[in-house]
1. Just for the Cα atoms in the stretch 108-255, what are the lengths along the principal axes, largest first, rounded to whole Å?
2. Taking only DSSP H segments of four or more residues, each worth -39500 (n - 2.57), what value at 222 nm results for the chain once the sum is divided by all its residues, to the nearest 500 deg cm²/dmol?
3. In whole Hz and in residue order, list the ³J(HN,Hα) couplings for the stretch 382-397 that follow from phi through the Karplus curve 6.51 cos²θ - 1.76 cosθ + 1.60, θ = phi - 60°; x for Gly and Pro.
4. Where in the stretch 341-367 does the label zone of Met423 land, with the point 7 angstrom along Cα→C-beta and an amide N cut-off under 19 Å?
5. Output the relative contact order of the stretch 66-193, whole-number percent, from Cα pairs under 8 angstrom with separation of 6+ residues.
6. For the chain, which longest stretch is free of loop sites, where a loop site is one of the trypsin sites (Lys or Arg not before Pro) that DSSP puts outside H, G, I, E and B and that has at most 13 other Cβ atoms within 10 Å?
7. Once you place label points 7 Å from the Cα toward the Cβ at His165 and Asp62, how far apart are they in nm?
8. How big is the convex hull of the Cα atoms of the stretch 1-113, per residue, in Å³?
Amino acid sequence: IYGVAFQTRDKLKDYLNFLEEAERRDHRKLGREMDLFHMQEEAPGQVFWHPNGWTIYTTLQDYMRRQQTRGGYVEVNTPQVVDRKLWEASGHWENYHENMFITEVDEGSEAGAHANAKRTNALKPMNCPCHVQVYNQGLKSYRDLPLRLAEFGSCHRYESSGSMHGLMRVRGFTQDDAHIFCTEDQIEAECADFIRLLSTVYTDLGFEDFDIKLSTRPETRVGSDAVWDKAETALEKAIQALGLPYEVDPGEGAFYGPKIEFVLRDAIGRDWQCGTFQVDPNLPERLDASYVGADGDKHRPVMLHRAVVGSFERFIGILIENYAGRFPLWLAPHQVTVATITNESDAYAKDVAQACRKAGLRVETDLRNEKINYKIREHSHAHVPVIMVVGAKEAEAGTVAIRRLGGKNQEILALKDAIDTLMAEAAGPLGAGEG
């Protein structure tokens, strides 16, 4: 039996209001209303993205790609199916194989193969071992470091059916994953640069408030105390140099190194752990990564694991609930609907839509023989940010009546002025075409 108690009736009322608001914002409910995605039993824990949802997905991915390019990252792409040997070498097979999707291929029919030869492969649950393989191609010098490899890596992890929850916990997902190969002396600067990048992204996406947690050495760990001292000090100095508040979580670091977790807060006060920054000297050792130092000898690089949004699927679920489906114009799947008052203005509505489309806006038309108030209610319910209402008067004057989502009034603008205004908003945080 589970229960919850409150000290005052007002606190109970606040809690019930919170539950009601959370239900109203549920991304699964809004996903159906806005026709964003669906999931079905033939592919448990995996997402069927509809055109509207995929528009949000690709827009967010393009934004992250531009931010990472600005931050000095180079993008790579690595295989989804990888031989068991690599997972054994990296240590994942021993510690994680029960969460991996395994497949066996019969290679006995190939020339020269043993009659019973089978190759055991796994769908990658993470990208880090594959990024080391990219790093290991060709001799690296200390002058090449830091090397920042980014990938929108498609990963699969087995999650029990009872733990899955819409987009928030899935079996197939894509990460904004990146790994920085650097020297120990570069950890602090790379950490500070990453926090600046993360702060910018979270602010651009509507999250002004986030917490920082520094997780330090656990009892069971690899590496010397001196290495841990240096890594933990570097992370702490980077946070302090930026003047940001943080808390220390003793003993909660990974077995191979300390980490920082970034917990953002949404519009109704819920916390979501998304961003992460981890120091890892262990995997380069296991997978024989090296660089030639200024002294001419070979040295091991430090590997920094980092993600800003983490799983795109989960983050989009968070965005849907944070905005309650009312996305800013640059993220909205349908930015503008051109709705006619009567069928006499159909031709003008098509011209307006074509002009919007030519300018780069995502637009649709509603030429149905329905009352305009009905159309406005329907498109407002679908969370379309802008409705352009056109009738005979607008067609004659070359204007549009703009109604904003949630607004009660409309603004009459010349078509060109309306498009220019909306294009400025739709350009997004980095601006149109900005890299």
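The values are calculated or read from the model by the stated rules, or taken from the named source; none is laboratory data. Being a predicted model, the structure only gives us computed values, none of them experimental. FYI the Cβ positions are ideal-geometry reconstructions off the backbone, even for glycines, and counts take in every protein chain you see. The protein model used for the area step is the full one, side chains on, heavy atoms only, and it has no ligands, DNA or RNA in it. Shrake-Rupley method; radii C 1.70, N 1.55, O 1.52, S 1.80 Å.
1. 63, 44, 35
2. Values: 14 runs with 158 residues, N = 435.
Calculated mean residue ellipticity at 222 nm is -11000 deg cm²/dmol.
3. Result, rounded to whole Hz: 7, 6, 6, x, 9, 10, 9, 8, 10, x, 4, 5, 5, 4, 5, 8.
4. Inside the label zone: 350-364.
5. On the way: 170 pairs, mean separation 34.2, N = 128.
Worked out over the stretch 66-193, it gives 27 percent.
6. 1-367
7. With each label point 7 Å from Cα toward Cβ, the separation is 3.2 nm.
8. Details: hull volume 35.1 nm³, N = 113.
It comes to 310 Å³ per residue, whole-number rounded.
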